[in-house]
Structures are given as structure tokens and as C-alpha cells.
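Reading through the C-alpha cells given below for one structure.
The values are calculated or read from the model by the stated rules, or taken from the named source; none is laboratory data. None of the values given here were measured: they were computed from a predicted structure. Ideal geometry is used to build each Cβ from the backbone, glycine not excepted, and the neighbour counts take in all protein chains shown. Ligands, DNA and RNA are stripped out before the accessible areas are found, and what is left, the full protein with its side chains, is counted by its heavy atoms. Shrake-Rupley method; radii C 1.70, N 1.55, O 1.52, S 1.80 Å.
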Amino acid sequence: MNTDTADQVDIAIVGAGAVGLAAALALSREGRRVALLGPVATPRDGRTVALLDGSWRMLADLGVQDALLEKAAPLEVMRLVDDSGSLFRQPPVEFRASEIGLEAFGWNIENADLTGILAEKAAALSSLRMIPGLVRAIEPEADGVRLSGDGFAPLKARLVVGADGRNSQVRAAAGIESRDWRYPQIALTAIFEHRRDHQETSTEFHTRKGPCTLVPLPGRRSSLVWLLAPEEAQAVAALDDAAFARRVERQVQSLLGAMTVSGPRGRVPMGGLSVERFGAGRMALIGEAAHVFPPIGAQGLNLGLRDVAALSEALAGAADAGAPSVIADYDRARQADVRLRTGAVDVLNRTLLTDLLPADLMRGAGLLALSRIGPLRRLVMRQGLAGGAATS
């Protein structure tokens, strides 16, 4: 006779950020009992996310596209500018979504708006329990995983999904080894209003300190992600809004005319993280619990949404959500995609931070090839969007 008094669910998701919320919406279908644990936070700190085409289609399938459209701007053109001062500096390279038959590469939206929209949708689902308490203990058992914490009765799940970020409790409980590293950079984030129209174009300046990127938002507004050395980042962050806007305008070569800060600003230390495997012992990792890297090429959250799609596919038809076959299928599906993209972003960021001629030559030759060879440029664009989060 079973004397376990813990509430029983099929899947418990720890972490109620954007990736955790998307997982809750995707995995609560097909009659599964799903619980989402953790407080939903929507701080406005100048951070946005560019939802690439595959992620956009996945979110449309989850029923939130109309709400997102009211807050998001399309990315029709992505421009790379070599501002490194290299001897091999090449002219700007532009990637146009129309070249590969798309209306847009994706849509840019404030993190707070995305999280809020997903949370509102999740709260309306009867098949999903939202538990705002913090998880304090994760105890693996033979037929499930027991969770306990603040403000909720103990819970037992057949599968626990860790969407709880870089310092993941789920990863630690699963015994999954991770490797993390730091870059000598801090990202400054902000949202600006500006005099000129951005023309649905995202511009990424590659500097010796790292990328400085402007991404469109609705109207004459854009978001900034600017990577700098820590000392310079602290000095720039200490400027008042007016001086900060002038400094950014100078950095982006007055591309959008006069700029004014709109809303709070943020500072984020840069680093990376990788894991040896993506699941173990009835636990699976998604989002930043599984991979972290700098905000280059709009890959971070999109990679997390691809995790959700892969986990949903691994779960399809499974009688036991935490069965070893489910974990193995999910791990196998994520290995190549995550490692390839983490490695590519790491290499690009490190080549920007060095002034060695071979690295400059390699980067310059790559940009030159992309600007001159149409089929290569279109291949790179498709690869950047490949493995999209939509499973259809």
C-alpha cells in the first residue's frame, strides 16, 4: 500500500522564467498533470529577446502570438559592422530575411513583456498548477522525485525539469557535472527612443571589447546590449541617462540620430556554462540550467526554446514521463545543437577580444566571404535559424 502523502504530478518544472513558462505550456498538453514552481518575475532592466523564426512559430502554436505582436518588432535585416580597428576590417554585411523567403528573421520583445504574456496564458490553463513558492529540497526516489519548499505541500513528480538558471538546484540534485567560465566583459542593457527610423534593422557592431548591438522595438525605439571591459562598463554605467545616451550615440556612429534612455538600465556580467549531459535520474535541464553564453547572434533564449521542443518530442507517447528512454532521447537530441552553438559564440567572442593578426584575418575573411558569396550568406542565415523551436 502506498503511504506517500505527497501530491502527485507527471511533470514538475522548477523555474518560472520565460523558458520554464514555455515548457509548462508545451508539456501540459496531452492530458499531463504539470506543476510550475517558482515566482514569476518581470523586472524591466532594458533586456529584450529576439525570438527567431522557429521560436516565433512555437509560441504561435502555444497560442500567444497575437499578444506578442502588440509588443514586438520584426527583424527584417541583420547588419554586422566590423568596428574592431583591425587591418582586415571589411565593409558591413547585411542579411535580409527576404533572401531566404521569410518576412522576418524573428521578432524582438522586452523580456518582461514576454514573461508576462506567457504567465498570463499559463494561469488560464486548468491542467497546469502554478506554485509561486521556492523549492528548497529535491530528493530523487525510485519512481519519482520529491520536491519541498516554501509555501506548498511536498510534491512528487515522475519528471522534474530544471529551468532554474545558471545555479540550478535541479542540476545539482541530478549530479550532472557542469563547466563554467567568465569573460572579461559586462553587458550594459537599455532601451532607447531615437530620432531616426530603425527600418526593422538590427545592427551589431563588433568592437575590441565585444559586440555592441541595437535591436528594433515597436516605434522609434531600440534595445541596446553593449559588452565592455568591467572597468569601462562601470564608468559608463555611472553616467546619468543623458550622458549615457550621448555615449551610446557616439559608439553606434549616430546610426539612429539623437537618442534618449527610455526606462531602467541593466548590467550583466558575462560568462558561459556547459553541461556534460542534459538529463539524469528523472531530471532534465533546459535553458540556462543547461547552457549559458554571451548575447551574440540572438541564440540564448532561442536555444532554451529548442530545448523545450526537443523535450516535448522525447515525451511524445511516453507512459512514464521520467523513464530512462525519455531522458536518453532528450540528451541525444540536444548534444550537437547546444555544443555547436555554444562553441561558435565562444569562438567569435574570443576572437573579438584578441588583437592577434591570425584571428583578425580569419574574421575579416569570413565577413568578406559572406558579403560577396550569396549562396554562402543564405546558408549561414538558414543555419542561424536551423533547429528552430517549432516541431512542426
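So which residues in region 32-57 are under 22 Å from R96 (Cα atoms) and not β-branched (V, I, T), if there are any at all?
Just the residues of region 32-57 that are under 22 Å from R96 (Cα atoms), to begin with: 48-57.
Hits for region 32-57 are A50, L51, L52, D53, G54, S55, W56, R57.
A search for C-beta distances below 7 Å between a residue of region 148-161 that is in contact (Cβ under 8 Å) with a residue 12 or more places away in the chain and charged (D, E, K, R) and any residue that is in a strand (DSSP E or B) and surrounded by fewer than 17 Cβ atoms within 10 Å (Cβ to Cβ), counting only pairs 6+ apart in sequence or on different chains, returns D150/R136; K156/Q8.
If you go through region 291-317 and keep only what is of a type in the set (G, A, S), open to solvent by less than 20 Å² (accessible area, probe 1.4 Å) and farther than 24 Å from W107 by Cα, you end up with just A314. One residue stands out among those in region 164-193 that are open to solvent by less than 20 Å² (accessible area, probe 1.4 Å) and hydroxyl-bearing (S, T, Y): the one that is farthest from A112 (Cα to Cα), which is Y183.
Restricting to region 164-181, and then to whatever is part of a loop (DSSP other than H, G, I, E, B) and in contact (Cβ under 8 Å) with a residue 40 or more places away in the chain, can you tell me which residue is farthest from A290 (Cα to Cα)?
To start, the set of residues in region 164-181 that are part of a loop (DSSP other than H, G, I, E, B) comprises 164-168, 175-177.
Cutting the leftovers down to in contact (Cβ under 8 Å) with a residue 40 or more places away in the chain gives us 164-166, 168, 175-177.
Values: D164: 10, G165: 8, R166: 8, S168: 9, G175: 13, I176: 10, E177: 10 Å.
Among those that are part of a loop (DSSP other than H, G, I, E, B) and in contact (Cβ under 8 Å) with a residue 40 or more places away in the chain, it is G175.
Starting from region 320-338, keep only residues that are closer than 17 Å to V9 by Cβ and in contact (Cβ under 8 Å) with a residue 12 or more places away in the chain, then list their pairs with residues that are small (G, A, S) and surrounded by 14 or more Cβ atoms within 10 Å (Cβ to Cβ) whose Cβ atoms are within a distance under 6 Å, requiring at least 6 positions of separation or different chains. Here the result reads V326/A314; V326/A318, each pair linking region 320-338 to a residue that is small (G, A, S) and surrounded by 14 or more Cβ atoms within 10 Å (Cβ to Cβ).
Name the single residue, out of those in region 219-278 being part of a strand (DSSP E or B) and either of a type in the set (K, R) or farther than 30 Å from R166 by Cβ (or both), that is least open to solvent (accessible area, probe 1.4 Å). Per the stated criteria, the residue is M259.
Consider region 194-209 and keep the residues that are farther than 10 Å from D83 by Cα and within 20 Å of the chain's Cα centre (by Cα). The one that is surrounded by the most Cβ atoms within 10 Å (Cβ to Cβ) is S202.
Mind checking which residues of region 125-163 are surrounded by fewer than 18 Cβ atoms within 10 Å (Cβ to Cβ), aliphatic (A, V, I, L, M) and part of a loop (DSSP other than H, G, I, E, B)? Passing the criteria: L125, L134, A142. The numbered conditions (1) modelled with pLDDT of 95 or more; (2) among the hydroxyl-bearing types (S, T, Y); (3) under 16 Å from the mean Cα position of the chain (by Cα) are all true for S274 except (1). Close contacts from region 47-70, counting a first residue that is open to solvent by less than 60 Å² (accessible area, probe 1.4 Å) and a second that is among the basic types (K, R), with Cβ to Cβ under 8 Å and a gap of 6+ residues or different chains, come to G54/R306; S55/R306; L62/K121; G63/K121; V64/K121; A67/K121.
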